[in-house]
Amino acid sequence: MFTATGDDWADRAATLPLHTRMFIGGAWEEGSAEPLTPVAPRDGRALPKISAASVGDVDRAVRSARAAFDSGVWSRIAPRERGQLLIAFAQRIHDNAEELALTISLEMGKPVREALQTELRAVVNCFRWYGEAADKVLDEIPVTAPGSLALVTREPAGVVAAVVPWNFPLTMTAWKLAPALAVGNSVVLKPAEHTTFSALRLAELAHEAGIPAGVLNVTPGTGQVAGRALGEHHDVDVVTFTGSPEVGRKFLGYSAASNGKRVWPELGGKTASLVLPDADLERAVRATADGCFYNQGQMCTASSRLLVPRAQRDRALEIAADVARTSLPADPFEVTTSMGAIVSERQLAGITGFVERAQAEGGELAAGSAERFHAVDGGSYFAPVVLGVTPQHEVAQREVFGPVLSVIAYDHVEDALAIANGTEFGLAAALWSTDLNAVHTLSRRLRAGVVWVNCFEEGDMTIPFGGVKGSGFGRDKSLHALEKFTDLKTTWIELS
Ligand code: NAD
């Protein structure tokens, strides 16, 4: 089912139905802000304009979500019934997976094959998993003195605003929506400007699956207007956000300046892949380079720093360069393509700037260049770059969000640890070694929310995902995510 076949994806894209209006209270509505003007990164073609939400439109969406919440049509039905509707929603997504994958590929440039195999598979799995979990969450009866009974129950928080990025548009959306809905909240979703079409279609599928009107609303628009309006709204109870550190911190400010709503920020990363001297260098470097170039490097967990013993540095550069040269971008609509387009010309300019500055700072270019790559006329493409740098180079400190790998030599494991922990981020890290002692001691000292050992990007819905330090403190996935969207209620009963 999740296998892309055929060569007619470009033809299908030309006739793909795309929604262009806000989705509020189960109906399509025109927004009153300046419309969005999306462009297909594959070939630079203008896509249909999208109606955008103003502050007033966002207020209407929040009021619709609040009315649905207060009515009990979702918040007070049996958890099992909510779970079944989420599973029905997952099935609708499954049945429309090819169309959704093509929409994502069109709007943000990832290969249609990847969108289908990885993203849509994850989205279906996520809604199904939380649908199944909905009636398996237990409340507590703590031990108290005889003569009293205390109940600790979890209640839905109310209205949740989900503000998400474009790199894994529907996966990030599912990670927010599924747990928030499973426990009975109503949601207002603000998709990223580049990936609004897929979000609007998702909302329609939720509606078709029987999720009541007003429970899921979508307000397309800019971050500065629609995103900010949600952050500052006095009747939003929770903001769940994935995106850049700058904007994540803005949401904390919006909360402080409005109603003190809970904000769950999941922000950027600068993953270090730490190869110990005993590791299989070839395997570790290949996996790290693949992990850095995947999704055109537009990943919060991209393994963008490869840390190797100094004696192995040159060999590591060679292996990584080989991976780079065999991972060239191509047409996202070809099923054989594994690297597609960069999301926008602006993002592309940001990436080339990083490479130019790295070279000017003395970085050694082992593969690629600071030039754009030509795959499809008019499109935004960039071939992977491998750089030999020091930990202080800008490219080894800041998040590039493009296929640029920094290879860094270390002298002692203690130095490697300091380098790995030496950025503002703390999302993920990888360790390569078969020394059990080293693996356990180092993984404890890596300041990261996720540590992969002898693998990269492995995971399951059952495990939490999120970071520490500048990478934020929200956690997606697993049963822990349900806690973000509930309040603990204590009911104390005196028995006579
Ligand atoms: P971004 O922060 O620019 O935008 C994210 C969302 O915030 C978008 O919907 C955008 O419209 C909105 N926004 C932008 N400015 C805003 C403002 N002033 N007020 C309110 N909302 C605003 O991020 P992006 O470019 O879409 O995504 C890339 C970033 O996301 C990277 O830093 C990446 O590491 C991070 N990311 C993190 C994770 C994770 O799980 N930790 C996953 C994917 C991406």
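The values are calculated or read from the model by the stated rules, or taken from the named source; none is laboratory data. Quantities reported herein were computed from a predicted structural model and do not represent experimental measurements. Cβ sites come from the backbone with ideal geometry, for glycine too, and all protein chains shown count toward neighbours. Heads up: the accessible areas ignore ligands, DNA and RNA and are worked out on the full protein's heavy atoms, side chains in. Shrake-Rupley method; radii C 1.70, N 1.55, O 1.52, S 1.80 Å.
Assorted remarks:
- Glu29 - accessible surface, heavy atoms, 1.4 Å probe, Å² rounded to 10: 50
- Using C-alpha pairs below 8 Å separated by at least 6 residues, the relative contact order for segment 184-319 is 18 percent.
- Square roots of 5 times each gyration tensor eigenvalue, C-alpha, segment 128-227, largest first, Å: 34, 15, 12
- For segment 204-246, the alpha-carbon coordinates run over 37, 21, 16 Å along the three principal axes, in decreasing order.
- Sorting Trp432, Trp492, Trp175 by accessible area puts them as Trp492, Trp175, Trp432; the probe is 1.4 Å, largest comes first, and only protein heavy atoms count.
- Residue ranking by accessible heavy-atom surface, 1.4 Å probe, largest first, among Arg66, Arg76, Arg305 comes out as Arg76, Arg66, Arg305.
- Accessible area of segment 86-164 divided out per residue, in Å², using a probe of 1.4 angstrom: 36
- Set against the 2.2 N^0.38 Å expectation for a compact globular protein, segment 1-124 has a Cα radius of gyration ratio of 1.27.
- The relative contact order of segment 382-447, computed from alpha carbon pairs under 8 Å that lie at least 6 residues apart in sequence, is 28 percent.
- Segment 274-371: equivalent-ellipsoid semi-axes (sqrt of 5 x gyration tensor eigenvalues, Cα, Å): 24, 18, 11
- Each of Gly147, Ala65, Ala13 was scored by the projection of its Cα onto the charge dipole of the chain, and the greatest displacement toward the positive side belongs to Gly147; charges sit on the C-beta of Lys, Arg, Asp and Glu.
- Relative frequency of Cα-Cα separations exceeding 40 Å in the chain, percent: 22
- Order of exposure, largest accessible area first, which applies to Ile104, Ile77 with probe 1.4 Å: Ile77, Ile104
- On Cα atoms only, tilt of 55-71 relative to the major axis of the chain in degrees: 50
- Share of Cα-Cα pairs in segment 262-318 lying beyond 16 Å, as whole percent: 45
- Gyration tensor (alpha-carbon) shape descriptor, segment 383-469, a/c threshold 1.5: oblate
- Based on C-alpha pairs under 8 angstrom that are at least 6 apart in sequence, the chain has a relative contact order of 18 percent.
- On segment 1-72, 51 percent of the accessible area sits on carbon and sulfur atoms, based on a 1.4 Å probe.
- Accessible area (Å², 1.4 Å probe, nearest 10) - Thr390: 60
- Cα gyration tensor, segment 1-71 - rounded (a/c under 1.5), prolate or oblate: oblate
- Hz values of 3J(HN,Hα) by residue in segment 128-135 - Karplus curve (6.51, -1.76, 1.60), Gly and Pro given as x: 5, 4, 6, x, 5, 7, 3, 9
- Dipole in debye (nearest 20) - segment 179-279, about Cα centre, beta carbon charges: Lys, Arg +1; Asp, Glu -1: 240
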